[in-house]
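For reference, the structure discussed in these notes is given below.
No lab work stands behind these numbers, since they all come straight from the coordinates. These numbers come from a predicted model, not from an experiment. A quick note on method: Cβ atoms are made from the backbone with ideal geometry, for glycine too, and the neighbour counts reach across all protein chains shown.
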Amino acid sequence: MIVQLLHSHARTRAYASWLLGRHGTIVRLLRGGAFALVELDDEPSRFLGGARRWHVHLDDLLVDAVEPPSEGNGSYGVGLSGTGREVVRHAWSPGQREGLCGKAVRPVLIGSWSPPFLPTVENVCPACVHLAGNDGTDS
C-alpha cells in the first residue's frame, strides 16, 4: 500500500491525493533497490492519466506480504550480470553464486526472497532460458 509520498519523485508526488492508500504489487525494484515499480490493483483512473504502474520510493510503501515463488521444478530466482544498459537477467538458484549458465551473478533479493525468473522480460540470458526449460520449444 502507498502510505506516503515523501521520498518519491516530484512527478509521482503530484498525484499524491489519488495514490495515497491505494494497494498494488511490486513488479520490479529499481535504482539499486531504493525504488519500486508498483502496479496498482484497481483499474486505471482518469485522474491518474490512465497509468497503473508508478515509480515509488520503498520508504513510501507499506509492504504487507511478499509471496514467495512456488517451490518445485523450474522455480528459479533472478540474478544479474553486467551494469547499466548491459545488464543481463539470469536464472539463479538460492545459495549459488552463478546463474544456470555458469556466469557470476548478483542475486535480486527482497528480504530473503528472489522474484521468479521470467523468460519473457528484456535482456534475459538465452542459455538460462534454455537450461531452465522455459524456451518455449517442444524439442
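For the reader, a short list of remarks on this structure follows.
- Taken over segment 25-52, the criterion of being closer than 17 Å to V63 by Cα and either free of Cβ contacts under 8 Å to residues at least 12 places away in the same chain or of a type in the set (V, I, T) (or both) is satisfied by T25, I26, V27, V38.
- Output for segment 77-99, where each listed residue is in contact with a Cys (Cβ under 7 Å, 6 or more places away or on another chain) and surrounded by fewer than 22 Cβ atoms within 10 Å (Cβ to Cβ): V88
- Any hit, segment 22-38, residues being farther than 26 Å from L109 by Cβ, of a type in the set (A, V, I, L, M) and surrounded by 11 or more Cβ atoms within 10 Å (Cβ to Cβ): no
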